[in-house]
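Worksheet: one structure, shown below.
The values are calculated or read from the model by the stated rules, or taken from the named source; none is laboratory data. Values in this document were obtained by computation on a predicted structure and should not be read as measured data. As a convention, Cβ positions derive from the backbone with ideal geometry for all residues, glycine included, and neighbour counts pool all protein chains shown.
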Amino acid sequence: MKLWTVLLLSAATLLSACKDAPAPPAASGGAPVVPAAEQKELSLDTISTQAQGFSVGPAMSARVVYVFFDPQCPHCANLWAAAKPLKSQARFVWIPVSLINANSTNQGAALLAAQDPVTAMDGHEASLKAQRGGIVAEGSFDAQKAAIKKNTELFNTYGFASVPTIVTKNAQGGVVKREGALPTDALAAFIGV
């Protein structure tokens, strides 16, 4: 098989869990996708109490935006960059999941364990963009890996189909979700800022 064919197949596999493609049934040790009849009703209270992530923006913000992301997902990196200009107007809670490969779990765990997760995420995304592989997970991070597994199970329980998945309240107070990255202006409109 020619090298370019292998590279194309590898890229297709990587992107299969991103944006509009459905998540694999049990990728990287994650929970299997839950059938529609068994999916939970989307609840911000459940997400805030059961998911483990890190926050960017004012701790006491009235607007809280939950973002399920995979550290290996290029679309998630785009959303990370698009959300930066909005961090003074909303608190973003970034919840790592493991859908793409084993690096997803290890890198998500390293981000959760970081003393400054925001700086670690900035470095991770810069490394990925420069094709250097992202944050290096040094250590076992057992507790954080367990949190990634729980986050992935919650992601699958809601039947989300792709990363990033954005969950927040709309202007009427209803819970809304959006799968896929958005540019800054569209993200601002979606989250109501």
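Restricting to the range 81-113, what's the tally of residues that are in contact with a Lys or Arg (Cβ under 8 Å, 6 or more places away or on another chain) and assigned to a strand (DSSP E or B)?
The qualifying residues number 1.
State whether the residues of the range 67-78 include one that is among the β-branched types (Val, Ile, Thr), crowded, with 20+ Cβ neighbours inside 10 Å, outside any helix (DSSP H, G or I) and at pLDDT 95 or above.
The answer is yes, given that some residue of the range 67-78 is among the β-branched types (Val, Ile, Thr), crowded, with 20+ Cβ neighbours inside 10 Å, outside any helix (DSSP H, G or I) and at pLDDT 95 or above.
List every residue pair whose Cβ atoms sit under 9 Å apart, with the two residues 6 or more apart in sequence or on different chains, where the first one lies in the range 128-144 and is on the phi < 0 side of the Ramachandran plot and the second, anywhere, is part of a loop (DSSP other than H, G, I, E, B) and surrounded by 12 or more Cβ atoms within 10 Å (Cβ to Cβ).
Cβ pairs passing all conditions: LEU128/PRO71; LEU128/GLN72; LEU128/GLY134; LEU128/ILE135; ILE135/PRO71; ILE135/ALA114; GLN144/GLN52.
One line per residue, one yes/no per condition, for (1) buried (at least 22 other Cβ atoms within 10 Å of the Cβ); (2) of a type in the set (Gly, Ala, Ser); (3) at pLDDT 95 or above:
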| site | (1), (2), (3) |
| --- | --- |
| GLY30 | yes, yes, no |
| VAL34 | no, no, no |
| LYS40 | no, no, no |
| PHE54 | no, no, yes |
| ALA83 | yes, yes, yes |
| GLN89 | no, no, yes |
| PHE92 | yes, no, yes |
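Looking at (1) closer than 20 Å to THR165 by Cβ; (2) crowded, with 16+ Cβ neighbours inside 10 Å, which one does ASN106 not meet, given that it meets all the others?
Here ASN106 clears every test but (1).
So is LEU128 under 19 Å from ALA51 (Cβ atoms), in contact with a helix residue (DSSP H, G or I) (Cβ under 7 Å, 6 or more places away or on another chain), surrounded by 15 or more Cβ atoms within 10 Å (Cβ to Cβ) and hydrophobic (A, V, I, L, M, F, W, C) or not?
The answer is no for LEU128.
For residues that are free of Cβ contacts under 8 Å to residues at least 24 places away in the same chain and either crowded, with 21+ Cβ neighbours inside 10 Å or more than 18 Å from LEU86 (Cα to Cα) (or both), scanning just the range 153-175, find the one that is farthest from the chain's Cα centre (by Cα).
Checking each candidate, the answer is GLN172.
Quick check on my filter: what residues within the range 143-193 are touching a Lys or Arg at 6+ places or on another chain (Cβ under 9 Å) and in a loop (DSSP other than H, G, I, E, B)?
TYR158, GLY159, PHE160, SER162, PRO164, GLY180, ALA181, GLY192, VAL193
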